[in-house]
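Here the structure is laid out as structure tokens; the discussion comes afterwards.
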Amino acid sequence: MAAQQAAAALRNLAADLRARAFSLTPLTVLLALLCAVFAFVVGWSLVVDDPLGGQPRTVVSLDQPGDRAGGGNAAPDIRTGDPAQGGSAPEGQVTVLLPGDMPGGGVIVSDPISGAIDGDRDLVEESRNGLLPKIGADGRRPLQAYARPAPPLASGQPRIALVVSGLGLSAAGTENAIRRLPPEVTFAFAPYGRDLRRLARVARTEGHELLLQVPLEPYDYPDNDPGPHTLLSSLPERQNIDRLQWTMARLVGYVGVMNHMGAKFLTDETALRPVLNEIRNRGILYLEDGAAPQSRSASLGERIGLSQLAADKVIDAVATRDAIDAALADLMEIAADRGYAIGVASALPGTIAALEDWISVLEQRKIAIVPLTALLKSGPM
């Protein structure tokens with residue numbers, strides 16, 4: 001009898017425990033899962049050497065879309081070395097660490113600067129904004145390395161340099177210009193396109209010299225806004241240089257920069273001087289489009305030894321065919337009188353068509369189209 005009572009008591013106890021276990025199952029499962037996750041994280045940190053702590057990253061090419069054109073002022077921090085390998089990156093890669101408030105995590109970026117088309121490794125330096133042009137250890141400048149040789153000219157033959165600006169914003173428009181214009185025409189890329197590196201590589205492959213446009217403050221800023229990272233006369237020197245370097249890092253393999261707007265900025269010598277010094281120290285030229293009559297760049301650039309040029313004519317200031325043809329006729333007269341001229345035009349389809357037609361008849365006039373660097377007083381050296 002006692003045994004039967006003891007067995008019944010045990011059965012009742014077991015049933016009670018089962019009931020309690022079932023009633024605690026959700027909490028028990030949650031606690032078990034949390035413990036498992038904690039144990040996994042601790043174990044992983046002990047076994048895996050990852051200074052980024054598992055921060056997301058991907059492998060992409062620098063020439064792919066995604067330059068964050070028009071992004072905020074925060075710029076990526078570029079460091080050599082693959083953080084997943086303790087700072088020792090495979091050959092030809094750099095690590096880009098984006099600021100914490102930006103999506104995407106760390107990015108291991110494949111560096112294409114390996115040949116004549118993409119650039120010269122000795123003529124770039126890494127910065128938090130990207131790859132910047134620099135003067136090589138042997139004294140070579142990007143202006144020299146990326147200049148297109150001038151075509152053979154007869155003695156006294158007039159020369160015209162044509163610069164087509166605004167490239168890179170439209171892939172179709174840029175490819176149209178590359179397809180229809182000869183390689184002696186210089187191409188100026190805006191810094192905001194999403195496919196800049198690929199389009200610039202195609203342009204250089206076809207033989208074109210490249211410029212990069214720098215957005216500068218106009219008088220009616222911000223109503224008339226050149227775009228993100230515009231250099232402003234009201235900003236401290238350090239901030240303007242950072243904005244300039246952000247722009248410079250959009251491309252590799254260009255011979256110089258040119259202004260985009262800037263009628264106000266170009267008249268402020270205090271703001272302009274450090275910018276021109278930076279351009280000179282990077283071994284590239286500066287071209288001004290002639291749209292700022294009161295600009296101080298010519299006199300200041302001469303004093304600091306800057307390689308610089310200025311356009312004589314904005315060819316499509318009035319974008320009708322008759323006005324463009326008239327501007328091109330004026331450009332020919334300037335070249336005939338002085339021996340050379342520089343014209344700047346946009347990449348609008350109508351302008352490209354007019355330039356294509358005009359260039360086809362220049363040979364009959366015995367006027368040569370030359371790359372921009374051919375008009376420097378001492379050449380691209």
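Residues in the stretch 289-308 that are touching a Leu at 6+ places or on another chain (Cβ under 8 Å), farther than 18 Å from I342 by Cβ and at pLDDT 95 or above: R296, L300, I304.
If the requirement is being surrounded by 19 or more Cβ atoms within 10 Å (Cβ to Cβ) and not hydrophobic (A, V, I, L, M, F, W, C), which of these qualifies: G130, G156, G136? Spell out the reasoning first.
Values: G156 fails: surrounded by 19 or more Cβ atoms within 10 Å (Cβ to Cβ); G136 fails: surrounded by 19 or more Cβ atoms within 10 Å (Cβ to Cβ).
Testing whether each residue is surrounded by 19 or more Cβ atoms within 10 Å (Cβ to Cβ) and not hydrophobic (A, V, I, L, M, F, W, C) leaves just G130.
For (1) touching a residue at least 12 places away in the same chain (Cβ under 8 Å); (2) of a type outside the set (A, V, I, L, M), each residue gets a yes or a no:
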site: I315; (1), (2): yes, no
site: D322; (1), (2): no, yes
site: L331; (1), (2): yes, no
site: D337; (1), (2): no, yes
site: Y340; (1), (2): yes, yes
site: G343; (1), (2): yes, yes
site: L348; (1), (2): yes, no
site: A354; (1), (2): yes, no
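Put simply, of L212, L231, L199, L216 the only residue that is modelled with pLDDT of 95 or more, aliphatic (A, V, I, L, M) and over 22 Å from I279 (Cβ atoms) is L199. Picking from L285, L362, which residue would you name as being farther than 16 Å from S165 by Cβ and of a type outside the set (D, E, K, R)? Answer to the check: L362. For T186, the requirement of being more than 12 Å from the chain's Cα centre (by Cα), more than 25 Å from E363 (Cβ to Cβ) and polar (S, T, N, Q) is not met.
Of the set (1) in contact (Cβ under 8 Å) with a residue 60 or more places away in the chain; (2) farther than 25 Å from M261 by Cβ, all apply to E363 but (1). The residues on offer are T205, T186, and the sole one that is of a type in the set (S, T, Y), in contact (Cβ under 8 Å) with a residue 40 or more places away in the chain and within 21 Å of S307 (Cβ to Cβ) is T186.
Those helices (runs of 4 or more DSSP H) of the stretch 132-206 in which at least 3 residues are assigned by TED's automatic domain parsing to the domain that holds I324 and among the basic types (K, R), considering only elements entirely within it, cover 196-205. Scanning the stretch 150-170 for residues that are in contact (Cβ under 8 Å) with a residue 24 or more places away in the chain, farther than 23 Å from R198 by Cα and not charged (D, E, K, R) turns up A150, P151, L153, A154, G156, Q157, P158, I160, A161.
What about D325, is it in contact with a Lys or Arg (Cβ under 9 Å, 6 or more places away or on another chain), surrounded by fewer than 19 Cβ atoms within 10 Å (Cβ to Cβ), closer than 22 Å to L181 by Cα and modelled with pLDDT of 95 or more? No; evaluated as a whole, the condition is false for this residue. Among the residues of the stretch 329-336, are any assigned to a helix (DSSP H, G or I) and in contact with a Leu (Cβ under 7 Å, 6 or more places away or on another chain)? The answer is no, given that none of the residues of the stretch 329-336 is assigned to a helix (DSSP H, G or I) and in contact with a Leu (Cβ under 7 Å, 6 or more places away or on another chain).
The values are calculated or read from the model by the stated rules, or taken from the named source; none is laboratory data. Because the structure is a prediction, the values reported are computed rather than measured. Quick reminder, even Gly has a Cβ in these numbers, built from the backbone with ideal geometry, and neighbours come from all protein chains shown.
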